[in-house]
1. Nearest 5 is fine: what % of DSSP beta bridges in the chain come out antiparallel, could you say?
2. What do you get for Rg/Rh over segment 183-237 if you use C-alpha atoms and the Kirkwood form of Rh?
3. If each DSSP helix of 4+ residues adds -39,500 (n - 2.57) and the sum is divided by the residues in the chain, what number results at 222 nm, nearest 500 deg cm²/dmol?
4. Using the Kirkwood formula over every pair of different C-alpha atoms, what hydrodynamic radius in Å results for segment 42-147?
5. What is the Cα centroid distance between segment 32-53 and segment 126-141, reported in whole angstrom?
6. Segment 128-210: Rg/Rh from Cα coordinates, Kirkwood Rh?
7. Dividing the alpha-carbon Rg of segment 135-179 by 2.2 N^0.38 Å yields what?
8. Could you tell me which of the pairs Lys27/Lys206; Lys10/Lys216; Lys94/Lys141; Lys9/Lys206 are separated by over 20 angstrom between their Cα atoms in the structure shown?
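Just so it is clear, none of the values below were taken in a lab; they were calculated from the coordinates. Quantities reported herein were computed from a predicted structural model and do not represent experimental measurements. Please note: Cβ atoms are built from the backbone with ideal geometry, for glycine as well, and neighbour counts cover all protein chains shown.
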Amino acid sequence: MKNYYFSTKKMCVGYDNKLLIKDMEIKLREGEILCLIGPNGAGKSTVLKSIAGQLGLLGGTVYLGEDDLSEMKAEELAKRMSVVFTEKVRVELKSCRDMVATGRYPYTGWFGILSEEDELIVDEVMELTHITDLSEKDFDKISDGQKQRVMLARAICQEPEIVVLDEPTSYLDIKYKLEFLLLLQEMREKRGLTVIMSLHELELAKIVSDKILCLKGEYVERYGTPEEIFESDFIELLFDMNEKDFIGNERLHAYMKQIGKYER
């Protein structure tokens, strides 16, 4: 496992002691981006929450380098991994800058007092994620898309080695979807950031991913590069689609062409 930054060994996930997916084997090198795709209810969020330690594993092991995540102290894990999930966060009387600054909590000690260096990191990250103009706005009064960007900035403020994201582009319009994905690629190139995320947008998963994990049923359906996943009829099988379903619907037909299917 020393050749991989993130890996799992026979990882089994589920909830309420109900097994959902078993024997998952994932291997990522530092700076790689993994996208989870699959139909609704396939278990993407369950897998991400299990990786992040929010759900206990029902079997197997998750490693960061050679370290078993289950044996890592919370403070150490918070310095190495940050998490952004789709659940809406409600806070009272916090500005957007205050929210981003909470990403520094692994470094500030019990009193949460930001040092001058912490303040500079907050400013840099807000500029990097294009939310400086939101700095003094009430977090509860901005749009869902803006909140998503603030929470991403908060995660980056932790200066993690790996970030886990559940549908991070859900509330973003197309401009910010693309900006977000470009930002992730920039972060992995400049800082070696490793990314694990779920995406509904197959065309974006195809563009941004180094590896794709396909979920459907009790076992992983397929794990490989975008070329291996998309250059076949596998996507139709994964989502129970058929070309005849798109006859007469030019918009859906055009979408399938966009992810590399139905070229004629």
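1. 50
2. Taking Rg over the Kirkwood Rh, I get 1.00.
3. Per the formula, -10000 deg cm²/dmol.
4. With all distinct Cα pairs of segment 42-147 included, I get 16.0 Å.
5. About 28 Å separates the Cα centre of segment 32-53 from the one of segment 126-141.
6. Checking Rg against Rh, the ratio lands at 0.95.
7. My calculation over the Cα atoms of segment 135-179 gives 1.20.
8. With Cα atoms farther than 20 Å apart: Lys9/Lys206.
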